[in-house]
Amino acid sequence: MEMQVRTQVSRRERRREATRQRLIEAALALMQQKPFEQVTIEEITELADVAKGTFFSYFPTKEHLLHAYIRDLTDEVYEFLEALQPETAPSQWEVLRHVMLFIAQRDARSLQITRSLMNVAMQSETLRQMITEIIEEATEHATRGFERGQQRGEFRTDVSARELAHHAVRLYRLCQMEWLMEREHEPLEKIVEEVLEFYKPAFLATRDLQKEANPCD
């Protein structure tokens, strides 16, 4: 009997998650066609093939749906980071680089969706606050990586790990903005690689800079 109850609960959870994903995917599909502010809840639920009232069982507002999408992407990033085993990785810079490129690949799946997210965030205080919290979360994760790198002599120590993390996160956001506004026909990953390579010396310890300058020593 207990096993049957657990199975029923699990089935309900799977159905609920499937409906949630359909709503998100419907909204994203509509965002490929027009700005998010023009997308209606009726259109989302019709495309997802659910009743309009179902939407509010999952998301209080359209902005909360976008937040759920961003949170799903963030969870993917953290799973990827965990797979890199950062605690034992030989280079924290390489961990950072791989994570940034992974994020760039996800963002680059749709220029229109990424652009819509940025536009909505500028207009919606609710979504802006949600994104700010996620950026703070990302900065905390990056800080831990820089702390490990500083302890092992990979990164400079004349500034705090927190400050290094702040600048690293800022670099990605600048890459994203340049891609959206000036270089939309280029791969976002290429822009990120270029910027990271250029600014890498600003993060490394002097010892590592000497190694890069004299690789045969």
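Just so it is clear, none of the values below were taken in a lab; they were calculated from the coordinates. Note that the structure is predicted; figures quoted are calculated from it, not measured. As a convention, Cβ positions derive from the backbone with ideal geometry for all residues, glycine included, and neighbour counts pool all protein chains shown.
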Quiz item: Using helices alone, what [θ] at 222 nm do you get for the chain, with -39,500 (n - 2.57) per DSSP H run of 4 or more residues, divided over all residues and rounded to the nearest 500?
Solution: -25000 deg cm²/dmol
Practice problem: Let me know the shape class of segment 104-178, please: from the alpha-carbon gyration tensor, a ≥ b ≥ c as square roots of the eigenvalues, rounded when a/c is under 1.5, otherwise prolate if a/b is greater than b/c, or oblate. | Solution: prolate
Quiz item: Given labels modelled 7 Å from the Cα in the Cβ direction, how far is it in nm from Ser57 to Ala18?
Solution: 1.4
Practice problem: Rank His185, His64, His166 by mean-square fluctuation in a GNM of the chain with C-alpha springs under 10 angstrom and give only the top-ranked residue. | Solution: His185
Exercise. Set the Förster distance to 45 Å, then compute FRET efficiency between Glu37 and Glu87 from the Cβ-Cβ distance, nearest 0.05.
Key: 0.55
Exercise. Determine how many Å³ per residue the convex hull of the Cα atoms of segment 25-131 encloses.
Key: 113
Quiz item: Which order do Leu204, Leu96 fall in if you start with the one that has the fewest other Cβ atoms within 10 Å?
Solution: Leu204, Leu96
Quiz item: Can you list the aspartates and glutamates whose alpha carbon is less than 17 Å from that of Lys200, not counting same-chain residues fewer than 8 positions off?
Solution: Glu94, Glu147, Glu154, Asp158, Glu163, Glu189, Asp208, Glu212
Practice problem: Return Met100, Met118 ranked ascending by Cβ neighbour count within 10 Å, so the fewest neighbours appear first. | Solution: Met118, Met100
Self-check item: Solution diffusion estimate, µm²/s, Stokes-Einstein, the chain, Kirkwood Rh from C-alpha pairs, 20 °C, viscosity 1.002 mPa s
Solution: 109
